[in-house]
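The values are calculated or read from the model by the stated rules, or taken from the named source; none is laboratory data. Predicted model only: the values in this text are computed from it and were never measured. Note that we place each Cβ from the backbone using ideal geometry, even for glycine, and neighbour counts take in every protein chain shown. Ligands, DNA and RNA are stripped out before the accessible areas are found, and what is left, the full protein with its side chains, is counted by its heavy atoms. Shrake-Rupley method; radii C 1.70, N 1.55, O 1.52, S 1.80 Å.
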Amino acid sequence: MTGFADRLRAEVDGDVLADPAGRALYSTDASNYRHVPVAVVRPRSVDGVVAAVAVAVEHGVPITNRGAGTSIAGNAAGAGLVIDFSRYLDRVISVDPVERLAVVQPGVVLDRLNDAARPHGLVFGPDPSTHSRCTLGGMIGNDACGAHSVAWGKTSDNVQALDVLLADGRRFDTRTPPPLDLPDVDPAWFPALDRRVSGYRLDALPDLTRALVGSEGTCATVLGATVRLVESPPRRVLAVLGFDGPYDAADLAPALRELDVLTIEGLDEQLARAAGESRRLLPPGRSWLFVEAAE
C-alpha cells in the first residue's frame, strides 16, 4: 500500500505514519486485541480529515476513527486507516454558560472540557474512569457512561448536535435535515435499559444525533460536537454501605435511585481484597455500595 501512503502525504494536512514503528504504536487500544493498520493519519485540521477519508474511500481502505485508544473492546484498533484526532484536533472551541453548551473538537480530552466548564459551575455529566485521557470523540464513539450516569445519563443523553462527514464526502450538522432518508423505528421493540449501549441506537431514529452516538464511526466520521453541560453540585457527600453479599446490595439499589443520588457503584469482596490494607476503611460486610449525593 505504498501508493496509498504517498497519496495521503500529498493530500492530507497532518502527520502520516506508514512505517512499521508508527503502525505498531496504533495496533492496540486498552483491549486485548491487536490489528496493525495500513497507515495512521493525525490530521491538523478538519479539511485534513475530509481529505484522509476521501483517499481511503478511493482506495477501498476501511477507516477506524480513534480518540485516545481507551476503548476496552478493540473499538479503536483497525487493519485499515486509523485517524487519530487527539494529537491536533483537541480544542474546546466555546463554552456558553447561559445555554449550558460547549462546542468541542473530537480529540479534546474530557478533563480539559471540564476545566473550561468549571469556572461556570458546570460539568460534562458522563465521566468514565479514564476521564484524564479519554476524548469526547471516543466517548461519542462508544456512548460512554461513567459513575454519574445515574444522575446525568450517557453521552448520547448529553450531545445536542454533531458535525459529521459521510463516506461519500457529504458533511452536515445533525440539527439540520439529513441528506438521506431515515426510517421511524418503534422504540417498544427495544428493552428500556438505562445503560443499553451495545449495537446501533435504531430506537433513536429519526433523531440522527442520538442514533450516531455509539456507532463507533462506522456510519459517519465526527468532525465536531455541541454537547450539553450540567450544573456541578458545589458540595457532595459519599456514603459507603456494607452488606452480607452482592444480592443484598443489588436489592437496595432501585430504592436508592429514587433518592436522586449522583452515583451508585458496587464493590465486591474480591475487589476489596485486592485493595489490601485500604480494605480496613470499609464498613463490615462482604459487598459494598458507594453512594454519592449532592449536599
Candidate set: the stretch 207-218, residues that are open to solvent by 50 Å² or more (accessible area, probe 1.4 Å) and touching a residue at least 12 places away in the same chain (Cβ under 8 Å); chosen: the one farthest from residue 102 (Cα to Cα): 216
Selection from the stretch 260-281 of residues that are modelled with pLDDT of 90 or more and either more than 23 Å from residue 145 (Cβ to Cβ) or of a type in the set (A, V, I, L, M) (or both): 261, 262, 264
The stretch 19-31, residues that are in contact (Cβ under 8 Å) with a residue 12 or more places away in the chain and open to solvent by 30 Å² or more (accessible area, probe 1.4 Å): 23, 24, 25, 28, 30
Members of the stretch 128-145 found to be surrounded by fewer than 23 Cβ atoms within 10 Å (Cβ to Cβ) and over 16 Å from residue 228 (Cα atoms), listed by number: 128, 129, 130, 131, 132, 133
Sole residue being open to solvent by less than 50 Å² (accessible area, probe 1.4 Å), modelled with pLDDT under 95 and in a loop (DSSP other than H, G, I, E, B), chosen from 69, 125: 69
Residues that are open to solvent by 30 Å² or more (accessible area, probe 1.4 Å), in a strand (DSSP E or B) and either over 29 Å from residue 56 (Cβ atoms) or aromatic (Phe, Trp, Tyr) (or both), drawn from the stretch 77-102: 94, 95, 96, 101
Filter result (open to solvent by 40 Å² or more (accessible area, probe 1.4 Å) and at pLDDT 85 or above) within the stretch 284-295: 284, 286, 290, 294
Segments classed as helices (runs of 4 or more DSSP H), wholly inside the stretch 199-295, with at least 1 members that are among the charged types (D, E, K, R) and farther than 30 Å from residue 105 by Cβ: 246-257, 269-274
Output for the stretch 232-252, where each listed residue is closer than 25 Å to residue 113 by Cα and either surrounded by 14 or more Cβ atoms within 10 Å (Cβ to Cβ) or in contact with a helix residue (DSSP H, G or I) (Cβ under 9 Å, 6 or more places away or on another chain) (or both): 232, 233
